[in-house]
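FYI, it's all coordinate maths here, none of it is from the lab. Because the structure is predicted, anything quoted here is derived from the model rather than measured. Note that each Cβ is placed from the backbone with ideal geometry, even for glycine, and that neighbours are counted across all protein chains shown.
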Amino acid sequence: MKHHHSILKVALPVPLRRCFDYLPPRETGSRELVPGMRVSVPFGKRQLTGILIEVSNSTNLSTSKLKQATEVFDEAPVICPNMMRLYQWCANYYQHPLGEVFATALPALLRSGKDKPLRQPLNYVLSTETESLPGKHLKRAPRQAQIIDLIKDHPHGVSEHTLKTLGLTGSPLKALIDKGWVQAEVVQSRHNKNPDNILAEAPLTLNDEQASALDAFCGMKDDFACLLLEGVTGSGKTEVYLQMIEQVLGEGKTALVLIPEIGLTPQTLARFKHRFNVPVVVLHSNMSDLSRLHDWLAAGKGEAGIIIGTRSAVFTPIKSLGVIIVDEEHDLSYKQNEGLRYSARDVAVFRAYQMHLPIVLGSATPSLESLHNAETGRYQHRALKQRAGNALIPGFDLIDIRSRPLQGGLSQPLIEAIRKELVRNNQVLVFLNRRGFSPTLMCHECGWMATCTRCDTRFTFHASARQLRCHHCNKTNPVPNQCPECKHTGLNPLGVGTERIQEAITGLFPGNRVIRIDRDTTRRKDAMHELVAEVKKGEPCILIGTQMIAKGHHFPDVTLVAILEADAGLFSADFRGLERMGQLIIQVSGRSGRADKQGRVLIQTHQADNPLLNDLIHTGYADMARQLLDERRQAGLPPYQHAVIIRAEAVKERDPHDFLLQTRQLATMISTDKQLSGIDIFGPLPAIMPKRAGRYRQQLMLQCTQRKPLHQLLHCLSLELETLKASRKVRWSIDVDPQESF
């Protein structure tokens, strides 16, 4: 109904798929109320900060029943029209409440409405005294020398945030300031995107394949186009990215670079800072709220030439955006599995489409979805099949460990291969994607196993902490002195983890440096950066790690990669298991032989005659991917079908099943009423892990060859589910384009 009053349509951070109507605050001054402003409103007994979506003259309620907004925080919108459209698309596509999309996308200080005064950023420059400083002064202070060298490469100075990301703040920086060799200056403005000389160092010469990829990019700069850059590990994809960005910066525009993990930030930032003489902003979840807000606003004002960030950086407003690059586009880290279940890669593609921009997706092992899009002509496709420089593709060998004795998880051929590389003063990487000492603890007498009471899984035994830990719900128990069932004291660790491998290797190769990189050894701030820097010194060592080191890292002195327990993906309950296995093996293998030394990869396996595994190591990932795509097509699986999983969990075992059963009935009824054909519904079925963190879990899968009818169904269904009585007994979620089925 129409009214003479202005009605504010406000999106609030609540799990309801609707906006809420309010009257304007009593005092708004002369301000015009514009969508994108933050508004404080009463909501029940709480005061919430929401986003103004629309100013209307109509409402479905009587104005006498409408509450007044308390305050409008902004003089101008904090969300521009382009970003507003992107956030609304996310809400519609991922079937998620719009207010919670804003809560995911905006920095915490903006969400709260409490803008703190922003401290002016600091820039560090060399004093005149430093120019004549002899090199020997810093011989015993390598981190101070690193700071000096970095600033020398950037005469305009290096930002405080850059030094912090590289792990170069703290005592080394303070020591240089105290000596008067480095000075801090307050940066009044960071508008430096198009200096006279963009480059701080000259680009490398591209080979023919790299030049072809750059030419393809140059031909697609004026409108939306997506380039899939498939390059073997070590093929120089980053150099191609850098030269693409050089083109964009030369036009006075900005580049957004997405990376999958925070651990890759320091080396990525260092590479970009050494190449370009422009401000670089880094955005990731480990930043303080104040730093994140400052850099988020700086990007929106155009005060940065390059923005590097993890998943959530895709929601950052960027002035004059010229290109989006998604590195390691296949990586599972780009998919958010809580709250707004979005794929940063897919959101980036839509953002580029919406803004008529080019986007580049890069990977040595592209996802099957991206390869399918390339095959059907939606994406352009360029392949880099040779390694850059003199580096050669490593050779592969399988070690059949059936009936073969193992020492701490290592076979004798592998032990001998490691010994030979150490004698040659090379480095070895041992990969096992399982942290802890062993997957579980077992009683040798009665067969009891240490099982988490809150999850349908076993405890992992961590020997150094003398703890049993559940890696799914984080529950911990002390290690028992005897079996709880039969009281026998013979409790044995079953299987191997990185901690046990470290113990075994330390015993087998005494006197050699052993470095373990996993989530347990990198909890401390800057620990990851320090461990990687230790490896990059080039001294002989054995590096043990999980998937944290499987991608992106450049270890020029690693000549042997040993992969343990590579068979798990062959028997995964998830249909994507084989794809993930192939990607992981190729990615971790790519750490070997990246410089002048020939690399080698040894894979321990109980399935040495498996045809898929043999095809992978002999013909490469591309052939394996084509075979998997053919199997998916025949089975009617993504990317040939569009999938959605509706999940439910509850403390009571029956509640998720009852809720999903009603959900199925509703979905069937809506499909019939709206004549939506071709939608298949499977379930409800227990999740692969039926119980997790004390809650029972079930799921319903919907599939359709067309997106449109599936989304029409989901739009109606999600609104019905909010009012369903059974929904109050469960936690439920809708996962569009799920990447994991558990």
Query raised in the report: Taking region 631-670 on its own, what percent of its Cα-Cα pair distances exceed 13 Å?
Result: 64
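Grab the beta carbon distance between D223 and H715, set R0 = 22 Å, and tell me the FRET efficiency rounded to 0.05. Walk me through the intermediate numbers first.
Working: r = 30 Å, r/R0 = 1.37.
After rounding to 0.05, the efficiency reads 0.15.
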Query - Zero-based 10 Å bins, Cα pair distances in region 2-112, whole percents - result: 15, 49, 32, 4
Report summary line: log10 I(q)/I(0) for the chain, Debye formula on C-alpha points only (no solvent), q = 0.08, 0.11 Å⁻¹, two decimals, reads -0.75, -1.42
Query raised in the report: In Å and whole numbers, how far do the C-alpha atoms of region 208-384 stretch along each principal axis, longest first?
Result: 44, 38, 31
Query raised in the report: Once every DSSP H run of n ≥ 4 in the chain is given -39500 (n - 2.57) and the sum is divided by its residues, what mean residue ellipticity at 222 nm do you get, rounded to the nearest 500 deg cm²/dmol?
Result: -9500 deg cm²/dmol
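What fraction of the Cα pairs in region 465-595, stated in percent, has a spacing above 19 angstrom? Show your work: numbers first, answer last.
Values: 5302 of 8515 pairs.
The proportion of pairs with Cα distances above 19 Å equals 62 percent.
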**Report entry** region 352-484 - Rg and Dmax from Cα coordinates, angstrom
**Finding:** 23.3, 67
Report task. Tell me which residues come under 5 Å, amide H to amide H, from V430 once H is placed; ignore anything under 5 positions away on its chain. Result -> L543, I544, G545, A562
**Report entry** Burial ranking of peptide ranges 598-611, 474-487 (average Cβ count within 10 Å, highest at the top)
**Finding:** 598-611, 474-487
Query raised in the report: Going highest first, how would you order 401-409, 451-459, 715-723 by mean Cβ packing within 10 Å?
Result: 451-459, 715-723, 401-409
Query raised in the report: Looking at region 642-736 from every direction and averaging, what is the projected area of its Cα convex hull in nm²?
Result: 5.5
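Counting DSSP beta bridges with both partners in the chain, what percentage is antiparallel, nearest 5?
55
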